[in-house]
Amino acid sequence: PRSPKDYIVDPRENIVIHCEAKGKPHPSFSWTRNGMHLDIDKDPKVLMKPHSGTLVMDIGGGERAEAYEGVYQCSAHNELGTAVSNSIIIRQSRSPLWSKERISPIIAQKGQSLILHCRPPAGLPPPIIFWMDNNFQRLPQSRRVSQALNGDLYFSNVQPEDSRSDYICYARFPHTQTIQQKQPISVRVLDNKPTEERAPVFMVPSESVSSKMVLRGEVLEMECVADGLPTPAVSWVKHNGEIPSGRASFLNFNKTLRITDVSEVDAGEYRCIAKNRHGSAQHTIRVTVNAAPYWISAPRNLVLAPKEMGIITCRAAGHPKPSIRWLVNGLPIEDAPEDPSRSVEGDTLIFSEVQTGSSAVYQCNASNQYGYLLSNAFVNVLAEPPRVLTLPNIVYQVIMNKPALLECVTFGSPVPTITWFKDSRSSMLEGNAYVFHENGTLEIHMSHPSNSGKYTCVARNSLGLSENHVYLEVKEPTRILRPPEYRVVQRNRDVVFECKAKHDPSLVPTMTWLKDDRELPDDERFRVDSDSLTITDVTESDAGRYTCIMNTTLDQDSASAQLTVVEAPPTPAVIYEQPGVPTDLELTDQEARSIQLTWIPGDEHNSPIKKFLIQYEDALHQSGVWHNLTEVPGTKTTAHLKLSPYVHYSFRVLALNEVGFSRPSMPSRQYRTSPAAPDENPTEVKGHGTEHNNLVITWKANGPGLQYKVMWRQQDMEKDWTSVSVANVSKFVVSGTPTFVPYEVSVQAVNDYGPGPKPSAVIGYSGEDFPSAAPGDVRVLVLNSTLAEVRWSPVSPESVRGRLQGYKVQISSRHVTFPSAPSFFKVSTFDLDSLMLEWGPPYERNGRLTGYTFKYQTGEETCLLEELDLPSNQSSFTLHNLPHSTRYKFYISARTQRGAGPTLTEEAVTVLDRALSVTPAFGNISSSVSEDGALISWEYWGPEKHLYVEYIIDNSDQDWQKEKVNGSQFHVLKGLKKGLAYKVRVVARGHDDRAVHHSEELLVKVPAMVSPQVDIATQGWFIGLMSAIALLILILLIICFIKRNKGGKYPVKEKEDAHGDPEIQPMKEDDITFGEYSDEDHKPLKGSRTPSSGTVKRDGSDDSLVDYGDSGDTEFNEDGSFIGQYSGRSDRDARHDSSKPLSPVNAMNSFV
């Protein structure tokens, strides 16, 4: 990705910048802003999350987001080195108001070109522009009228229908979700002068040649808008090259050429040509492609033993060529302490004779004027004796004549050397029969029974050795000895397919049958035995290809045979013929609009008559033409016929049986009806389109000599009907319609005597057009040599532009064979919890390479953890977030359309050393005990979704009890025994229920039951005692009062005034002083009011843990305001509820 990273934040939301690092010891974090150290403690609105470098800037209390704009960079430090992040630019989104302006009406002559300028205010990010009318309906656009990339509305030539007073340009600002509009523009088109047609002239661009620069990987957009009458058509060509069909699209009625994922091959000259019948114009756009830096080879972590040498390379490409700059622990390498074991040669760091204690994190910065790349690489100087990480005593099973791969995964510094022995340590394995891979794996090309046995791998370096034992078993292959044979069977007979096979006696076989490469039908007629398939009562649908497959855990074999089903020999059949001709047609019950017809049926000829068809001829209007009138069942010989006015009828009858229709009967006598207005309207009224801009209305005529009133209107869009009258036709075409929109359509019959009844409307759609988009994300999965599965993403309904009838899958095939194995395959440590896999294409592709199949598994489990399909143009892949000190086995094979080739195997291990590693996934775990139970709360940053709270009685040997957490960060443990202490922890588990992370253990004490206390105030003796004391005090007061009246005055008041009681002296305002760290900070001042809730609102410097312990989930309105601000929470709660930030900036930075 390009750097620095630019983030635009909503001024109504808190700003969160993520910074996470892994290290052992756990790293500390620091930030810079605009190149200067950022002191977190000086700004109470900025805090850093515990055990993390993530910054949270609280601007929810009215702080201006502009104050926090700038370029931020995070650093993570521990005793082994310093890692730094990319620069992160924080800017506030802005949606300025449209400047007020008065727009004069525009008057244009018909046929002239016209530009309506939008000129929206510059926002951050830029707004999205669209044109609508006063009813908030988008203005229709076409080849003649379209919106340019800058938002202006261009008319190649104006027409009278363009006259309107509500051309309104709207600007939508994405971050604030606000829409602002420009003042409406009024356009009036005059049609008072002759219009002269003209050749095209480009309105945009205005000059004949222009140039455009685009960066590699971005989107190139070029546009050409032409003036002309009639409206010109625009086309595009590339000089001395082709426009890339897979990445190019023509938008805005061919006026815009858009190329995605631009590369250097897209540079060159592009020409847009505008043509109409009066001439053409062309414009040349010279495109140059530059590139921000991109990695060719990013620096990787390096583990060296003391006195060893090694190199780190940092290769990046770009245009212009990037410059390479090295840093160590975040400082330019030239300013870092000198290290004689280190030297720089351009894009390479060379280490020689490294010393213990010289571990450090190196940064490579590749930059040019369009961006930069920054990557951290940890150089760890380590001395470790060999360790074999492969599990001991693994048994490998392989089929005879197949390759065998025996693993020996090791770790050590210096890198250990591996040697292999068989059965005993007396002789080392060597020779052409064996291949010794760099990762320690032993490969046997062709396995034979003699290769079975015990194998020992020995790992050595200068600090010691380690060994491991594995076992190899070579099995007999599975073979079908008697395959099924081709069978021809008569219908309703039984058929048996045999399939006998042999296999290694130590393997368990499974026999499977397929029909046409699919599962057998779920039919009890199919019976599968141990070595045969029986089909009883065979039908035509059972014909096909049947395949038997013999499977074991290591291999399989298959064979197929065809089943053909034929008819049994036919028996002599009865002769069937069409019915005889009906006779003796007679007309009775003559009415003005109806008549009854009777007849005598002809011979059935061994097939019962199913129905009679009655036809009529109109001698007045269509003599000699017979029309179907009605049908009656074959059991009837009478029909009551409804008639139309002003028709000279003659009738005839045809009979139908299983063989077909009889010959028509002789016509009946003629019957004439009187003229009248139509009493019914045409039937089978339909509306459909034959072109993308028309609607064809058709109907079935209901009588001769009629006219038809054809009516239509756009459904839900037009209130008034448009109508036209036609005669002697049964079709009318409405031109100039939008593409595939619904219309209400009706047809009314009319003659000289008046119109027919009010017709009912039917819904029809105008014409369809070709879909404007093809399905995307087309994927092909080859299931076997004759079956492939094709998947794709459906197109949007708007782009169908008609009724979606389906998708056409085009297949081109050619004869291909399996590819050979990839030319190489290696696994290296990309990170402390990541592995980098690299491979090369096969030397023999044997067809078009369609991709790679990649699988991996851990050494502790035999089931595959993951299987990935990788594209054919990929040659490396990185696995992230792997458990530490875990061995992995990897398999890769190349695929063509025919299938996958041989598999290469590699292995690697993730090791946790003293270098930077995974930060704790849990933090801030706490507990509180109430009558409902023990409330456990925590913070969790890991990816795993399955969390459990586990607990056990302290100092007991019982198993841990666990309760699952449903997506929250707190849980209440109920049913704990009172008076006991419990150890509690939170555990994150993977999909295999294996613990991946767990928190530190917490000791929770449940208080014992308190014995009930007796309320002394309710005891009778206490009430009596208090009453006696009150009476005694009253008597003493009376005696004192009597004595005082007898003894004269005593100057008590004067004494009090002279000496003063300090307890009741009034406080002067000047005496009120407050120390900066006074213990009285939270006491209410004299005269101040206590909040109605009975609590005193804390000021912003109070860091009481109560605020954090009692904070709950915070909800927000759509506009970003707190829903909880009226729920009794303090301002401090709102400011410090950082567990769910409103809209965090996704600026995650990982360090190695």
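Each of LEU587, LEU554, THR690 was scored by the projection of its Cα onto the charge dipole of region 550-691, and the greatest displacement toward the positive side belongs to LEU587; charges sit on the C-beta of Lys, Arg, Asp and Glu.
Here GLU944 and SER450 are evaluated by their C-beta separation; at R0 = 45 Å the FRET efficiency comes out at 0.40. Computed extension gain for SER735 through SER956, at 0.36 nm per residue and net of the alpha carbon distance, reaches 70.7 nm. Of LEU463, LEU302, the residue with the largest accessible area leads and the full order is LEU463, LEU302 (1.4 Å probe). Per residue, the chain exposes 57 Å² of solvent-accessible protein surface, assessed with a 1.4 angstrom probe and all protein chains in place. Farthest toward the positive end of the dipole of the chain, out of PHE824, ALA677, HIS627, is the Cα of ALA677, where the dipole comes from beta carbon charges about the Cα centre.
Surface composition of region 676-814: carbon plus sulfur atoms contribute 50% of the solvent-accessible area (1.4 Å probe, protein chains only, all chains present). A simple charge model with +1 on the Cβ of Lys and Arg, -1 on the Cβ of Asp and Glu and nothing else charged puts the dipole of region 88-208 at about 380 debye relative to its Cα centre. Measuring with a 1.4 angstrom probe and ignoring ligands and nucleic acids, ASP335 comes out at about 110 Å² accessible. List the relative contact order of the chain as a percent without decimals, with contacts defined as Cα pairs under 8 Å and 6+ residues apart. Taking the mean separation of contacting Cα pairs over the length of the chain, I get 7 percent.
Taking 0.36 nm per residue of separation and subtracting the Cα-Cα distance, full extension of the segment from PHE1022 to LYS964 would add 15.5 nm. Taking 0.36 nm per residue of separation and subtracting the current Cα-Cα distance, fully stretching the chain between SER235 and LYS1043 would add 278.5 nm. When a/c is below 1.5 the answer is rounded, else prolate if a/b is larger than b/c, else oblate, so apply that to region 324-399 with a ≥ b ≥ c taken from the square roots of the Cα gyration tensor eigenvalues. Oblate, because a/c is 1.5 or more while a/b does not exceed b/c. Under the convention that each Lys and Arg Cβ holds +1 and each Asp and Glu Cβ holds -1, the size of the dipole of the chain around its Cα centre is about 2220 debye. Packing here is the average count of other Cβ atoms within 10 Å per residue, and on that basis the peptides 631-641, 844-854, 557-567, highest first, run 844-854, 557-567, 631-641. Under a model in which nothing but the beta-carbon of Lys, Arg (+1) and Asp, Glu (-1) is charged, region 757-800 shows a dipole of about 140 debye around its Cα centre. Helix 1020-1047 axis versus longest C-alpha principal axis of the chain: approximately 60°, rounded to the nearest ten. What the Cβ-Cβ distance of LYS974 and GLU866 gives, at R0 = 25 Å and to the nearest 0.05, is a FRET efficiency of 0.05. Each of SER999, SER163 has its accessible area taken with a 1.4 Å probe; listed largest first, they run SER163, SER999. A convex hull fitted to the Cα coordinates of region 161-293 yields 159 cubic angstrom per residue. Counting only protein chain heavy atoms and rolling a 1.4 Å probe, the accessible areas of LYS42, LYS855, LYS502 rank, largest first, as LYS42, LYS502, LYS855. Label reach from GLU691 (point 7 Å along Cα→C-beta): in region 135-158, amide nitrogens under 17 Å belong to 143-144. Per-residue packing, averaged as other Cβ atoms within 10 Å, sorts the ranges 869-878, 313-322 into the order 313-322, 869-878, beginning with the highest. Please list, by residue number, everything in region 456-473 whose backbone N is under 17 Å from a paramagnetic label point 7 Å out along Cα→Cβ of ASP423. Inside the label zone: 456-457, 470-473.
A cut-off under 15 angstrom between Cβ atoms defines the neighbours of ARG94, and their net charge, with Lys, Arg +1 and Asp, Glu -1, is -1.
Taking 7 Å steps out from each Cα toward its Cβ at ARG525 and ALA995 produces label points 6.0 nm apart.
Percent of accessible area on region 75-206 owned by carbon and sulfur, 1.4 Å probe? That share works out to 50 percent. Only helices enter the 222 nm calculation for the chain: every DSSP H run of n ≥ 4 contributes -39,500 (n - 2.57), and dividing by all residues gives -1500 deg cm²/dmol, rounded to 500. The residue list PRO205, LEU215, PRO230 was ranked by how far each Cα lies along the charge dipole of region 191-239 toward its positive end, using unit charges on Cβ atoms, and LEU215 comes out on top.
Accessible surface of CYS224, taken over heavy atoms with a 1.4 Å probe and every protein chain present, rounds to 0 Å².
Computed from the C-beta positions of GLU631 and ALA677 and an R0 of 22 Å, the FRET efficiency is 0.20 to the nearest 0.05. With each label point set 7 Å from Cα along the Cα-Cβ vector, what nm distance links TRP98 and HIS37? Once both label points are built, they end up 5.1 nm from each other. Taking all Cα pairs closer than 8 Å and separated by 6 or more residues, the relative contact order of region 312-371 comes to 50 percent. Within the accessible surface of region 379-442, defined with a 1.4 Å probe on protein heavy atoms only, the carbon and sulfur portion equals 54 percent. Note: relative contact order over region 225-368, using C-alpha pairs below 8 Å and six or more positions apart, is 19 percent.
Only protein heavy atoms count here; on that basis, with a 1.4 Å probe, ASP152 has an accessible area of about 10 Å².
The values are calculated or read from the model by the stated rules, or taken from the named source; none is laboratory data. Note that the structure is predicted; figures quoted are calculated from it, not measured. FYI the Cβ positions are ideal-geometry reconstructions off the backbone, even for glycines, and counts take in every protein chain you see. Only protein heavy atoms, including side chains, enter the accessible area calculation; ligands, DNA and RNA are left aside. Shrake-Rupley method; radii C 1.70, N 1.55, O 1.52, S 1.80 Å.
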